[in-house]
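The values are calculated or read from the model by the stated rules, or taken from the named source; none is laboratory data. Quantities reported herein were computed from a predicted structural model and do not represent experimental measurements. Note that we place each Cβ from the backbone using ideal geometry, even for glycine, and neighbour counts take in every protein chain shown. Quick note on the areas: whole protein, heavy atoms, side chains included, nothing else; ligands and nucleic acids left out. Shrake-Rupley method; radii C 1.70, N 1.55, O 1.52, S 1.80 Å.
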Amino acid sequence: MLKICVVFLGVLVSSFQYTDATGQTPVYHDVPYLQDYSVKYYTTDSTIELQNVVADRNAVVQILSSHGLLRPKNGQFQYPGTLETDRSYRPIFDRKITGLALYDNQFIYLDDTTIISNAWAGKLFYKHAMPGAKLICSGSAFTFMVSDGSRLKISADSTVVWEGRLNQDRAIAIRYEAAKNRFWILGNHSLNVIDLAEKQLITVFQHPDLTCFDIDRDKIYLGTTDGYLVLDASTFIAIGTRQQKLPCPNLTAIHIVDDNLWFGSSQGAFMLRKDGKFNYYYGERWLPGNQVTAISKGEGRTVLILTTKGLSEIHFDAMTLNEKALRYEKQVRQRHIRYGFNCDVSSIQDGDLSTFQMSQHDSDNLWTSMYLVSQLFRYKVTGDKVALQNCMESFAAMERLFTITDMKGFFARGFEHRGYHKFEAKAWDGGLTNGWRHANDKEWDWRGTTSSDQTVGQVFTLTLLAELMDGDVKKRAITLLDQLMTTIIANDWYMIDFDGKPTLWGKWNPAYVNSFPTNVGDRKINSSNIIAFLQAAYHFTGKPIYKEKAYELMQKFGYLENLMRPMRDIGKAPAGSGKWASMLSESWNHSDDEMYFLAYWSLYRYAFTPELKAKYRETIKDHWQAERPEKDGLWNLCYAMTGAKAFDLPETVWYLQEFPMDMIEWPVMNSHRKDIELVPENFRGQTTKEVLPPDERPELKHNRNLFKLDRPGKVASELSAGDSFLLPYWMGRYLGVISAPASQ
């Protein structure tokens, strides 16, 4: 990637720091970095064996297969193409091509009689007299080595320069080293070299289970079925020991592209980074199949990865975070906006985005809140009227959640046109399966069972609209916030559903909250959230009841003590605590993290006193410290909201840069990797010492376990970037810790 820079007081420096000598807040300077993404091409015939891939000087890509030459057709990002028969040159199409190479970036073809090319006016036409030849490598001055696996022959202008055989081995790959004018031949268990001046074949290294190799200046990289070796190209002595801590040590291809060392394996491809770790490309987020057969350089910064199921072009485009955000903006608007809601998961069939379908989900309210606020921040930072329109459309949807219920202060989980949900009547009055109920408007149904996390979403939206907008929008937001909190207080700290009973999760009553043991997370989070809600309501309405009730909960019922409890104390309920407490504390609840951090905006900013604000800052920092291993950019920026100078800005930028452009929920597997350090099973669900980059792991949403390693199965959905990426990015811009793009 391109160098990351940070600006302090307008001065460009070359590395991240938390603070400078004057204690200023660090700022990420949004310069271009290299963003990777994949364009895939699948075979249409599963019986085809894909053997090699190269691109010529004209950016034409050809694939050598058991059915002849193929070329890519119609592929775009997230809209895969196919590999089709290359009929561009009939004389080549009519031959049985067995080898494919480049000379001076022009295609060179091999069949059982000839070395041939369409370049140089078609004059390159050498007879090699080696039936069964299948390996070809170009040297200098139109010199070529060919092999049938047993015999080796070097020809120049149809003249045989040298020929011979490997000693008790079979050739599987050939490379040419231009600096020393020599060919290297890899066998199944030997590495051999022939200097064209000496014309003597020498075996320089032997090792079992060799599979692939490449040469880079003074080093030779040898792949095996269990890792790779590095040899000194002059002494042929191994440098260090065999490297086995790889994503997959069963190597099938090695190729150096733009000074980067790339590996193909039986489980994906990976690139060695400068820090000694790997960028791992596994699954259909990146590749048509995981069994890699060849790797080569494509056009520009593109890397071509051939697998048994097709071709992947890994693109590396110079991009700023702002440009990345604008691409996600299109993704959200085109496939994830439903009645103004941010539909966080759109269902698709077999990864085909043309089949996407949106529907009502449990927490439409929460995901929409996060998207809405991202657009609000975007509007305040850029003045973009499109962002304002996006924000207002989502506000209209969230506002309608209140009005469609005809219950003052009570909002629905979601709504849909009548007839699109199957209702099964229950005994209790008007009760419908999964909380659905017919609206008074006969065209619509709405869903109750409103929960605490959706309440967090509403308050997050309403408070920021009230703070950052003026006029009618501000008034509407404050009115809804006031009605919501008035209703919760009137209902004895419960969210009362249309059946007159508390919803399963909308409970902040002291008898409920304090029924949990002190180390069960629900006691802490419900206390933290409701105090935040009451402070926000008091701040914007000035009604004394909100302040009075907040102090009553904090002083009489211990909510301040509850919310201040350190995260290290949170764990499993003690024995005998009851089934509910035990179930809720079986493991760390990552959805709770989302609820905490979004509500911290009201808890901290609207604290009644400086003393309380200091306490809140302390507990927010404690929570942030516990979450730091996840490197979640949103948590870091919510902590930065408190004025913290050290909030892991480098990790935040890493999170945003490594976020995958393709947000289809492809199957992802990492538990087989040998390059990760596993940790013992623990309450938080942390599986590895270091969290994997977002584009290598299965989970992207903030309320999921980012340390989860695997997601097997079939692809059925695409995530929206509205809550996962756009909120942290535009929050960073709003807080001033991420700059506008460098070009502005």
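A count restricted to region 290-324 and to residues that are open to solvent by 20 Å² or more (accessible area, probe 1.4 Å), in a strand (DSSP E or B) and polar (S, T, N, Q) stands at 1. Scanning region 206-235 for residues that are in contact with a Leu (Cβ under 9 Å, 6 or more places away or on another chain) and more than 21 Å from I194 (Cα to Cα) yields T224, T225, D226, G227, Y228.
For region 566-618, residues that are open to solvent by less than 10 Å² (accessible area, probe 1.4 Å) and charged (D, E, K, R) total 2. Can you work out which of the residues in region 699-726 that are among the charged types (D, E, K, R) and open to solvent by 20 Å² or more (accessible area, probe 1.4 Å) is farthest from the chain's Cα centre (by Cα)? My answer is K714. Against the conditions (1) aromatic (F, W, Y); (2) open to solvent by 10 Å² or more (accessible area, probe 1.4 Å); (3) under 30 Å from A387 (Cβ atoms), F278 satisfies every one except (3).
Quick one: count up the residues across region 680-698 that are exposed (fewer than 12 other Cβ atoms within 10 Å of the Cβ) and either hydrophobic (A, V, I, L, M, F, W, C) or in contact with a strand residue (DSSP E or B) (Cβ under 6 Å, 6 or more places away or on another chain) (or both). The qualifying residues number 0. Residues in region 481-508 that are in a loop (DSSP other than H, G, I, E, B) and closer than 15 Å to M407 by Cα: N491, D497, F498, D499, G500, K501.
Within region 534-563, being surrounded by fewer than 17 Cβ atoms within 10 Å (Cβ to Cβ) and either under 39 Å from the mean Cα position of the chain (by Cα) or among the aliphatic types (A, V, I, L, M) (or both) holds for I545, E561. Restricted to strands (runs of 3 or more DSSP E) entirely inside region 175-284, those with at least 3 residues that are aliphatic (A, V, I, L, M) and closer than 30 Å to K309 by Cβ are 251-257, 268-272. For region 664-702, the tally of residues that are out of contact with any Phe, Trp or Tyr (no Cβ under 7 Å at 6 or more places or on another chain), in a loop (DSSP other than H, G, I, E, B) and more than 20 Å from W654 (Cβ to Cβ) stands at 10. Screening A511 on (1) of a type in the set (A, V, I, L, M); (2) closer than 17 Å to T455 by Cα; (3) in a helix (DSSP H, G or I) shows it passes everything except condition (2). Here the condition is being in contact with a helix residue (DSSP H, G or I) (Cβ under 7 Å, 6 or more places away or on another chain), basic (K, R) and open to solvent by 20 Å² or more (accessible area, probe 1.4 Å); of K645, K631, it holds for K631 alone. For R327, the conditions (1) assigned to a loop (DSSP other than H, G, I, E, B); (2) open to solvent by 50 Å² or more (accessible area, probe 1.4 Å) all hold with the exception of (1).
Of everything in region 334-348 that is open to solvent by 20 Å² or more (accessible area, probe 1.4 Å) and either without any contact (Cβ under 8 Å) to a residue 24 or more places away in the chain or assigned to a strand (DSSP E or B) (or both), the residue that is farthest from S369 (Cα to Cα) is S347. Residues in region 349-379 that are surrounded by fewer than 23 Cβ atoms within 10 Å (Cβ to Cβ) and among the hydroxyl-bearing types (S, T, Y) were compared, and the one that is modelled with the lowest pLDDT is S363. Note on region 392-414: among residues that are of a type in the set (S, T, Y) and buried (at least 18 other Cβ atoms within 10 Å of the Cβ), the one that is nearest to T463 (Cα to Cα) is S394.
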